[in-house]
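What follows is a short report on a single structure.
The values are calculated or read from the model by the stated rules, or taken from the named source; none is laboratory data. All values derive from a computational prediction rather than experimental measurement. Positions of Cβ are generated from backbone atoms using ideal geometry, with glycine treated the same way; all protein chains shown enter the neighbour counts.
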Amino acid sequence: MQLGLIGLGRMGGNMRERIRAAGHEVVGYDRNPAVSDVATLDDLVAALAVPRAVWVMVPAGGPTRETIAALANKLSPGDVVIDGGNSHYVDDVPHADLLAGHGIGYLDCGVSGGIWGAKNGYGLMVGGDGALVERMMPIFDALRPEGPRDEGFAHAGSVGAGHYTKMVHNGIEYGLMASYAEGWELLEAKDIVTNVAGTFKAWSRGTVVRSWLLDLLVAALAKDPHLADISAYTVDSGEGRWTVQEAIEHAVPMPVISAALFARFASRQAESPTMRAVSALRGEFGGHEVMGIAEGEALRQNPPAQ
């Protein structure tokens with residue numbers, strides 16, 4: 001099968017190689033000419049036989065919207081576009097409607113696997129028409145892990161379902177990562193535990209908390225057992241926020257994922273305005289001592305023994 005692939009970064013570039021290894025032809029386009037197979041988007045469209053299939057793997061938001069709008073004017077009726085980026089699911093119906101106006105099909109696909117997907121395969125969650133999903137199944141089969149199709153691939157539902165399920169997947173990921181991280185911090189804080197890295201490695205086989213994320217933390221600790229050279233500042237891609245917003249919309253209690261998201265926000269504050277307000281309130285209602293900034297910073301640098 002032939003596929004056009006737009007966006008050849010860390011994920012897209014590895015996906016191109018995995019699809020090619022499965023025997024399919026991939027024509028890749030990227031703004032970076034060093035990795036691109038063709039010079040322009042027009043060249044990519046011209047290189048594909050009708051009916052075309054084009055996979056978009058560019059940053060969510062504006063870049064994806066601009067790319068899909070451009071494809072709507074360049075592709076032909078009967079072609080299909082797949083958005084495999086981390087787009088917000090609310091963008092999917094507008095994208096599908098725009099392309100449908102030109103006779104072009106649309107699928108949204110959540111893709112999980114990171115930089116390891118080229119070797120291990122990618123978890124795929126697809127939304128859209130079943131006939132289009134079946135048409136693109138050779139590409140999905142090339143990308144997913146080896147083994148039963150339903151262990152790594154799901155036709156999750158109608159347009160938007162692929163990105164919605166990937167959004168929830170990433171929200172769960174936030175909670176899992178935060179839990180491992182909190183356990184690591186507590187073990188590091190306890191003086192009788194002298195082999196924290198070894199403990200996490202021991203957990204990677206036979207225990208109920210084993211997982212690929214745990215394996216990745218073990219690998220990180222092998223490089224830097226105390227993570228001394230890693231900044232606590234942690235970004236979020238947006239999908240954790242969208243998950244919590246959906247939980248609010250549907251009145252679904254989500255304390256773990258919400259706390260994990262807020263912990264990322266807290267990581268960016270050298271000094272917390274929230275806790276300044278808490279301290280002020282404690283002083284107002286209970287007469288508790290309120291420390292000045294200098295005194296608080298001194299305690300932050302030299303915390304008292306517990």
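Listed here are the residues, each with its yes/no results for (1) touching a strand residue (DSSP E or B) at 6+ places or on another chain (Cβ under 6 Å); (2) farther than 23 Å from residue 257 by Cβ; (3) among the hydroxyl-bearing types (Ser, Thr, Tyr); (4) not assigned by TED's automatic domain parsing to the domain that holds residue 11.
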position: 81; (1), (2), (3), (4): yes, yes, no, no
position: 89; (1), (2), (3), (4): no, no, yes, no
position: 92; (1), (2), (3), (4): yes, no, no, no
position: 129; (1), (2), (3), (4): no, yes, no, no
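Kindly provide the set of residues from the range 149-168 that are in contact with a Ser or Thr (Cβ under 9 Å, 6 or more places away or on another chain), closer than 14 Å to residue 111 by Cβ and not in a strand (DSSP E or B), ordered by number.
The answer is 163, 166, 167.
Here is a yes/no grid of residues against (1) surrounded by 20 or more Cβ atoms within 10 Å (Cβ to Cβ); (2) without any contact (Cβ under 8 Å) to a residue 12 or more places away in the chain; (3) under 27 Å from residue 51 (Cα atoms):
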| residue | (1), (2), (3) |
| --- | --- |
| 131 | no, yes, yes |
| 143 | yes, no, yes |
| 155 | yes, no, yes |
| 158 | no, no, yes |
| 167 | yes, no, no |
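Can you spot a residue in the range 50-57 that is closer than 27 Å to residue 240 by Cα and in contact with a strand residue (DSSP E or B) (Cβ under 6 Å, 6 or more places away or on another chain)?
So far as the range 50-57 goes, yes, one or more of its residues are closer than 27 Å to residue 240 by Cα and in contact with a strand residue (DSSP E or B) (Cβ under 6 Å, 6 or more places away or on another chain).
Output yes when any residue across the range 90-101 is farther than 19 Å from residue 242 by Cβ and either touching a residue at least 40 places away in the same chain (Cβ under 8 Å) or surrounded by 20 or more Cβ atoms within 10 Å (Cβ to Cβ) (or both), and no when none is.
Yes, there is a match, as at least one residue in the range 90-101 is farther than 19 Å from residue 242 by Cβ and either touching a residue at least 40 places away in the same chain (Cβ under 8 Å) or surrounded by 20 or more Cβ atoms within 10 Å (Cβ to Cβ) (or both).
Report whether or not residue 77 is out of contact with any helix residue (DSSP H, G or I) (no Cβ under 8 Å at 6 or more places or on another chain), assigned to a loop (DSSP other than H, G, I, E, B) and modelled with pLDDT under 95.
So residue 77 fails the test.
Any residue at all in the range 45-53 that's free of Cβ contacts under 8 Å to residues at least 24 places away in the same chain, loosely packed, with under 14 Cβ neighbours inside 10 Å and either small (Gly, Ala, Ser) or not assigned by TED's automatic domain parsing to the domain that holds residue 91 (or both)?
Within the range 45-53, one or more residues are free of Cβ contacts under 8 Å to residues at least 24 places away in the same chain, loosely packed, with under 14 Cβ neighbours inside 10 Å and either small (Gly, Ala, Ser) or not assigned by TED's automatic domain parsing to the domain that holds residue 91 (or both).
Return the total of residues in the range 1-33 being under 23 Å from the mean Cα position of the chain (by Cα), surrounded by fewer than 20 Cβ atoms within 10 Å (Cβ to Cβ) and charged (D, E, K, R).
Total satisfying the criteria: 3.
Take residue 199 and decide whether it is touching a Leu at 6+ places or on another chain (Cβ under 7 Å), at pLDDT 95 or above and not assigned by TED's automatic domain parsing to the domain that holds residue 24.
Criteria met by residue 199.
Residues that are among the aliphatic types (A, V, I, L, M): find the helices (runs of 4 or more DSSP H) completely inside the range 108-148 holding 2 or more of those.
Counting at least 2 such residues, we get 130-135, 137-143.
Checking residue 193 against (1) over 18 Å from residue 169 (Cβ atoms); (2) in contact with a Gly (Cβ under 8 Å, 6 or more places away or on another chain), which single condition isn't satisfied?
Unmet condition: (2).
Return yes when residue 127 is modelled with pLDDT of 95 or more, small (Gly, Ala, Ser) and in contact with a helix residue (DSSP H, G or I) (Cβ under 7 Å, 6 or more places away or on another chain) and no when it is not.
Judged against the criteria, residue 127 is a match.
Can you name the residue in the range 222-257 that is of a type in the set (Asp, Glu) and outside any helix (DSSP H, G or I) and is also surrounded by the most Cβ atoms within 10 Å (Cβ to Cβ) among such residues?
236
Please indicate, with yes or no, whether at least one residue in the range 206-229 is among the hydrophobic types (A, V, I, L, M, F, W, C) and at pLDDT 95 or above.
yes
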